[in-house]
Amino acid sequence: QWEDAEIMVLLQVMYTDLDFIAAFNIEPAVLQHFLFEVYRRYNNIPFHNFKHCFCVTQMMYGLIWLTDLKSKMDSEDLLIMLTSAVCHDLDHAGYNNAYQINARTELALRYNDISPLENHHCAIAFEILEKTESNIFRNLSMNQYKRIREGIIKCILATDMTRHNEILNKFKSILTAFDFTNKEHREVLMMILIKVSDISNEARPMEVAEPWLDCLLQEFYNQ
């Protein structure tokens, strides 16, 4: 059981190990501040908390290395995937989209019942990134920032399970002719990878997976 401070160090190591610090001129102090702000914006709820953020990010990091994506995709795509994993459930209150919509919550009204949670997670991510002291993208060119922002939004919105069949069917339709040089193909793969990472507890050893199931059921029960 990692402590939260240790998790923040491990997340920092992932950014360093994937060469993001050098490739995007990310200052270590800014990365630390970004990760601390992320930590602050995850709530103390049974499942969608900072440790879930870490589990999803660790799986994404592992998939990048195990499938040798470093040799197949550019650093911007990899930065999109890892940062999306870090931010994908920011400020989750423990109530799912169905509850938000049925209860006509502020989020459901703000986002017109369209993926209210995922839109909110994105908004909080870029709220953090708007602060100079926690903006890990502050040394990017305008074109780089635009591409990375667009990619993060697509990835986080893809974690809405109501879109599962849509995204899976799209991936199946391109699978036999998949081409890493095709931008659309890469974007679909990135959405699939964050979805896989998001629901990866079931692929972990039983002693890890089972407590997470209990946490998820507790969160469902609370709502």
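Rule-based calculations on the coordinates, nothing more; no lab input. The structure displayed is predicted, hence computed values, not measured ones. As a convention, Cβ positions derive from the backbone with ideal geometry for all residues, glycine included, and neighbour counts pool all protein chains shown.
The table below gives the values:
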read-out	value
Integer Hz, Karplus 6.51/-1.76/1.60 couplings in order for region 27-35, x for Gly and Pro	6, x, 5, 5, 4, 4, 5, 4, 5
Residue order, fewest to most surrounding Cβ atoms within 10 angstrom, among 161, 14, 206	206, 161, 14
Rough spin-label spacing in nm, given labels placed 7 Å along Cα→Cβ, for residue 5 and residue 43	2.7 nm
Gap separating the Cα centres of region 164-206 and region 78-140, nearest whole Å	21 Å
Net charge over other residues, Cβ less than 14 angstrom from the Cβ of residue 132 (K, R count +1; D, E count -1)	-3
Derived scalar couplings ³J(HN,Hα) [region 121-137; Karplus, 6.51 cos²θ - 1.76 cosθ + 1.60; whole Hz; x for Gly, Pro]	4, 4, 4, 5, 4, 7, 5, 4, 6, 6, 7, 3, 6, 10, 8, 5, 9
Gain in span if fully extended, residue 164 to residue 21, counting 0.36 nm per residue against the direct Cα distance	48.2 nm
Unit charges on C-beta of K, R, D, E only; dipole of region 4-222, Debye	520 debye
3J(HN,Hα) from dihedral phi, region 211-223, Karplus parametrisation 6.51/-1.76/1.60, rounded to Hz, x for glycine, proline	x, 5, 4, 4, 5, 5, 5, 4, 5, 4, 4, 4, 7
